[in-house]
Each structure stands twice: as structure tokens, then as C-alpha cells.
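Asker: Quick one: the structure is below, and I'll ask about it shortly.
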Amino acid sequence: MGTPTYQPRVNVSSDGWRTPTNTGVSGGRLSHQPRPDEQQAAPTGPKPRPGFGLRGPRRNPHVLTAESLAALTLPVGDDGVIIGIDPQNQPAVLSLLRPAPMEIALVGSMWMAQVLALRTVATGARVAVETARPPAWGQMAQAAGGGQQCVSVFDVRQIAPQGPSVSSPVLVVRDMGARPPRNQLAPSPWQTVLTVLPFLGPRSPQMLGRVDLVGLQRLSPEEAEVVTRIMRLPENVGAVLPTLSDNAMLWCRRDGGHQFVMTQPTEAETNLLGGPRRMD
């Protein structure tokens, strides 16, 4: 008579899983299960998910209707160089460098041109100066950029193409008196040419009529009449030009658009350039 083999009885559940009903072990306990005196209390609280930690607080999502989208606004300031404050005591920003060529005429002092050059360098642009007085620009060129070569100074007719690009825009400053020679640089995107005129010369009205923007410091009454006519300014605005303080300017376009700006130098600018001046 052979040795009988043990076969446990099994139950088959509705979902197809087979579970033993007898195990051949006293008490009906599987060998891998703990004894009753080894049972531990089930942990309380949220059950952690493997790899994700505890489940955080659940809140209803914020839903915005399509009709209310128009009420959302994102305030964005102008992009450019802060040249001072306007009559409302708000920052006045001048977009000096653009994807298209740009020409500016500044009827004023070298001091004002140097302040604009320093603030342009602060935006990450390069400055190239073509001037008949290189020593007057040399100190500023050495101080600008914290030791980096951000400002280059050239003698008259010695300036080379600057290779402007979107990542390296260039402001070209031409400081050669009231009768500057013709600009040798070809118009280029991301390059702005700023011509400094100490006063209005014989060819100045022609220049003012073709440039994109004009900056004016204090003028004589005769100069103010010429500028008022060329730039199509209101007569009351032109009448103010002979009374401007040394740090006040009027920026205007050919279509009559204009804005008074007060340029207040910083401490670093004052230490390097001195106080505001109308003539150098």
C-alpha cells in the first residue's frame, strides 16, 4: 500500500482565484502568517503612496470663465534707456536701439550725450564715439563697463563698421560740432546714430527734418522758432525752450509728438562727468 499524498482542498472564488481551505498545519495557519500573539495594530492616518509620500490637501481647482479673461492685465514697462522723469514724476524711457536703423539729433551738451551713452552701456549695448575731441571722451570710455571695452573712441572719419546685431546692439555717437561731416557708416538694424549739435548750424534744419527723434536742451529764442516750425511743435511748447534748466530736455518727433524730461544724474555719473551743463 503506497504512501498517501496530501492535497489541500481549495475554494475557487468568482474572480477565478484559488484559495486553500486546509493547510496541513495545526490551527489552519499558513506558515508565513504571524501567530495571533504576533499581530500588530494597523497604522492609522493617511496611507503613504510608494515614492510619493503623503497625499496633500485636496482643493477644488480655480476655474476662470472665458468672459472674465478680458479683465486680466499684465503691466509691462517700456523697453529702453531711462533718461529721466516726466512731468508726472514717472520714469521716462527712450527706446534707443531697435531692429531698424534709427537717427537721433541732440541739440545740447556733451555732458547730456555722455549720460545717454553711459546709460546705454548699462543696458548691455556697445557705444562707438566718433569725435573731434577724443580726450574729452577718453575718461568716460575707460570708466564705462567696469573695465570691459564697452565704449570705443575714434577720430573723425576713422570709425570702422561696428557689426551690430540683436545680441550686440550699437549706439554711434557723433560729436563733431555744429557742422558734422557726412556719416560714413551705412544704416544697419540694431544701430542708432546720435549726432550731437552744440547749437543749430546752417545745415541743422535739414538734419532735424530727416532724423527720427530730436532731443533739445535750452535754445535761444531764434533757435526755438526754427525748431518749433520744423518739428511742428505747439507755440506754447516752443516758447518754453529758452527757459529750460541745464538738466531739462524736450524730446520730439516730426509729427509733433513731444515730451519734457528732467534728467537727474546719479552719484556715479556726477562723480565722473560733473553736474548738468548746457555747454561744454
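The values are calculated or read from the model by the stated rules, or taken from the named source; none is laboratory data. Please read these numbers as outputs of a predicted model, since none were measured by experiment. We place every Cβ from the backbone using ideal geometry, glycine too, and count neighbours over all the protein chains shown.
Asker: What is the residue count in the stretch 244-269 for residues that are in contact (Cβ under 8 Å) with a residue 12 or more places away in the chain and hydroxyl-bearing (Ser, Thr, Tyr)?
Answerer: 2
Asker: On to the next question. So which pairs qualify, if the first residue must be in the stretch 221-235 and farther than 14 Å from PHE260 by Cβ, the second must be basic (Lys, Arg), the Cβ gap must be under 8 Å, and the two must be at least 6 apart or on different chains?
Answerer: So the pair list comes out as ILE230/ARG254; ARG232/ARG254.
Asker: Can you tell me which of VAL193, VAL261, VAL240, VAL214 is modelled with pLDDT of 95 or more, surrounded by 14 or more Cβ atoms within 10 Å (Cβ to Cβ) and over 26 Å from the mean Cα position of the chain (by Cα)?
Answerer: Going through VAL193, VAL261, VAL240, VAL214 in turn, the sole match is VAL240.
Asker: Answer yes or no: is there a residue in the stretch 212-227 that is within 20 Å of THR131 (Cβ to Cβ), of a type in the set (S, T, N, Q), touching a helix residue (DSSP H, G or I) at 6+ places or on another chain (Cβ under 8 Å) and in a loop (DSSP other than H, G, I, E, B).
Answerer: Scanning the stretch 212-227 turns up at least one residue that is within 20 Å of THR131 (Cβ to Cβ), of a type in the set (S, T, N, Q), touching a helix residue (DSSP H, G or I) at 6+ places or on another chain (Cβ under 8 Å) and in a loop (DSSP other than H, G, I, E, B).
Asker: Considering (1) within 26 Å of ALA122 (Cα to Cα); (2) in contact with a Cys (Cβ under 6 Å, 6 or more places away or on another chain), say which one LEU216 fails and leave the rest.
Answerer: All conditions are met except number (2).
Asker: Please tell me if VAL151 is in contact with a Lys or Arg (Cβ under 8 Å, 6 or more places away or on another chain), crowded, with 22+ Cβ neighbours inside 10 Å and more than 25 Å from MET279 (Cβ to Cβ).
Answerer: It is false that VAL151 is in contact with a Lys or Arg (Cβ under 8 Å, 6 or more places away or on another chain), crowded, with 22+ Cβ neighbours inside 10 Å and more than 25 Å from MET279 (Cβ to Cβ).
Asker: Can you name the number of the only condition in (1) over 33 Å from the mean Cα position of the chain (by Cα); (2) part of a strand (DSSP E or B) that TRP251 fails?
Answerer: Condition not satisfied by TRP251: (1).
Asker: Give the residues of the stretch 156-180 that are farther than 13 Å from ARG98 by Cβ and either of a type in the set (A, V, I, L, M, F, W, C) or exposed (fewer than 12 other Cβ atoms within 10 Å of the Cβ) (or both), sorted by residue number.
Answerer: VAL156, ARG157, GLN158, ILE159, ALA160, GLY163, SER167, VAL172, VAL173, MET176, ALA178, ARG179
Asker: Now a separate question. Return the residue satisfying two criteria in turn: it lies in the stretch 111-138 and is in contact with a Pro (Cβ under 8 Å, 6 or more places away or on another chain) and of a type in the set (A, V, I, L, M, F, W, C), and of such residues it is nearest to ARG218 (Cα to Cα).
Answerer: MET112
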